[in-house]
Structures are given as structure tokens and as C-alpha cells.
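Written below as C-alpha cells is the structure these notes are about.
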Amino acid sequence: MEDKLERRAADVANLMANRERLEIELKDARKGLLDSPLPAVAELEGLRQGAKASAQQNAVQQKKIESLTRDFEFTRQQYQQASTSAVELASQNAALEKEVTVSIFLK
């Protein structure tokens, strides 16, 4: 059992190192494309990177919109509850004022 765990840990470490190496290679390849002597290749890579950055920014903005929408909905519900309570309290207040007026009148 311990051998199996050690092998798994070694596999994970190897995979992580391999991933890091591949990410560095990919970064270098993309930089090579940007620095390409062929203007069309460099332009295409620049556009691809711009599109990726725009997509990431869009995802961040979408999360902000979702958060603001949830906040707005919560505020709307709180306002609705407060408004309903205010109407109920006003009705109770009017009923109590009527009782007070009637009891004063009857004295």
C-alpha cells in the first residue's frame, strides 16, 4: 500500500514538473509567434492573445454582473418586505388610533 502511494506521489510530481515545462515551452512558442518575421503570423498571434485577454476580462465582468444581480435581487426583496411591513403597521396603527378615539369618546 505504501509503495503504491509513493508511486502515485512520484507520478504526480513528474506530471507537475512536465506541466511546468510544457507551459514554459508554450510561452516561448507564443513569444516566437509574436516575434515572427512573417507579419501575418505575428499579427495573428497578437490577435489571438488579445482575444484571450478579452475573453478573460469578459468572464470577470460576467461574474461582477452576476454578483450585482444577486445583490439587487436581495435589496429588492428586503425593500418589498419592509414595504409590506410598513403597510401592515400603518393598518394596525390606524386600528389602534380608532380604538383609542372610540374609548376616549365613550368615557
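The values are calculated or read from the model by the stated rules, or taken from the named source; none is laboratory data. The structure presented is a predicted model; accordingly, all values stated were derived computationally and were not measured. Cβ: placed from backbone, ideal geometry, glycine included. Neighbour counts: every protein chain shown.
Pairs meeting the criteria (first residue in region 56-80 and touching a residue at least 24 places away in the same chain (Cβ under 8 Å), second residue basic (Lys, Arg) and outside any helix (DSSP H, G or I), beta carbons under 8 Å, at least 6 apart or on different chains) are lacking. Please give the number of the condition LEU38 fails out of (1) surrounded by fewer than 10 Cβ atoms within 10 Å (Cβ to Cβ); (2) modelled with pLDDT of 95 or more. The number of the failed condition is (2).
Answer yes if at least one residue in region 81-100 is among the β-branched types (Val, Ile, Thr) and at pLDDT below 95, and no otherwise.
yes
Number of residues in region 41-64 that are among the β-branched types (Val, Ile, Thr) and closer than 14 Å to ARG30 by Cα equals 1.
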